[in-house]
1. Determine the sum of side-chain charges near Gly194: Lys and Arg each +1, Asp and Glu each -1, restricted to other residues whose C-beta is under 12 angstrom from that of Gly194.
2. Which FRET efficiency value, to the nearest 0.05, is calculated for Val80 and Thr147 with the Förster distance at 22 angstrom and r the Cβ-Cβ distance?
3. Once phi is turned into θ = phi - 60°, what whole-Hz ³J(HN,Hα) does the Karplus curve with 6.51, -1.76 and 1.60 give for every residue of the range 133-146, x standing for Gly and Pro?
4. Using a basic spin-label model with each label point 7 Å from the Cα along Cα→Cβ, how many nm lie between Thr177 and Lys59?
5. With Cβ to Cβ distances under 15 Å as the rule, what net charge do the other residues near Phe228 carry (K, R +1; D, E -1)?
6. Arg175: net charge of surrounding residues, Cβ under 11 Å, Lys/Arg +1, Asp/Glu -1, itself excluded?
7. Compute for the range 136-181: radius of gyration divided by Kirkwood radius, i.e. Rg/Rh, restricted to C-alpha atoms, rounded to two decimals.
8. For Lys59, which lysines qualify as cross-link partners when the Cα separation must be under 28 Å and same-chain residues fewer than eight apart are set aside?
Amino acid sequence: METQAVFNSMWDILQKPMFAVGGEGVSIVSFVYFAIVIIVSVGVSRLVIRLLQRNVYSKTEIEQGAQYTLSRLIKYVIFVLGFLIGLQMIGFDLSVLTVFGGLFGIGIGFGLQNIFSNFASGLILLMERPVQVGDIVELDGLLGRVTEIRFRVAIVTTFDNESIIVPNSDLVSERVTNWSYGGDTTLRLRIPIGVAYGTDVDLVENILLEIAESEQNVMPKPSPEVFFKEHGDSSLNFELRVWVPSPAYRIEASNNIRKKIDSRFTEEGIEIPFPQRDNHVFFEEEYQMVND
């Protein structure tokens with residue numbers, strides 16, 4: 001009996017309202033219920049995502065970006081619903097949220113424009129998917145793979161294994177090169193080269209094609225091409241065009257090809273000229289003497 005009395009008194013204390021919201025008392029028990037609802041909503045979201053991965057994603061041809069987007073949306077929807085249910089259990093009148101919405105709008109007007117812009121851009125990325133998880137993108141000279149898209153920022157991992165945090169607004173409003181858009185990651189490289197006047201044009205073209213075909217990072221199809229571009233000021237200008245399977249091979253392939261070109265041209269005695277300029281210098285005193 002004494003134990004029961006102690007339990008009842010403790011229960012009464014836990015249920016005793018600490019403050020009132022909308023005429024409803026809020027107690028410690030209410031906060032416990034709120035925490036339980038939040039934990040349950042998180043658990044339910046994880047369970048639903050696991051079921052989708054096991055029973056839906058693995059058995060369908062849904063692309064990786066779409067899977068990620070759907071999982072994120074489900075997670076946030078379940079969490080928000082759980083949060084609202086928890087607020088109701090505490091005693092909050094959800095109509096009060098309109099007041100908070102007005103205050104939030106004022107806050108945005110005074111200093112949260114950037115955050116709201118990134119949040120809205122995150123929704124656009126998740127809905128329209130111009131950039132998806134797994135895409136190779138280039139932004140302001142930054143080349144990397146998108147590994148995560150959150151509601152405010154995106155994580156881009158470079159090929160040097162550096163994780164770059166990019167605001168979502170940059171991916172929406174700035175000019176972004178998406179090398180994976182449409183599923184095609186192939187890239188054409190243009191490598192200009194100049195040789196001295198008098199060099200056998202056919203020999204140069206054959207050497208450039210041999211070098212391109214011997215490079216392991218160059219795709220056999222579309223096949224490499226060589227174009228005689230122009231008669232320059234001090235050289236005959238060519239352009240070697242090759243295709244690589246991904247932008248990740250761009251630097252390595254270009255480096256290997258240029259080194260092979262320099263080595264083969266040296267063996268064949270083909271000169272790579274440097275620009276020549278004629279400089280004319282006039283002195284004011286000499287100019288005056290000539291005029292006199």
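FYI, it's all coordinate maths here, none of it is from the lab. Since the model is a prediction, treat every value here as computed from it, not as a measurement. Here the Cβ is made from the backbone with ideal geometry for all residues, glycine too, and neighbour counts use every protein chain on show.
1. Neighbourhood net charge equals -3.
2. It comes to 0.30.
3. 5, x, 6, 9, 10, 10, 9, 6, x, 8, 10, x, 10, 6
4. Roughly 4.3 nm, to one decimal.
5. So the environment of Phe228 carries a net charge of -3.
6. -4
7. 0.92
8. Partners within reach: Lys75.
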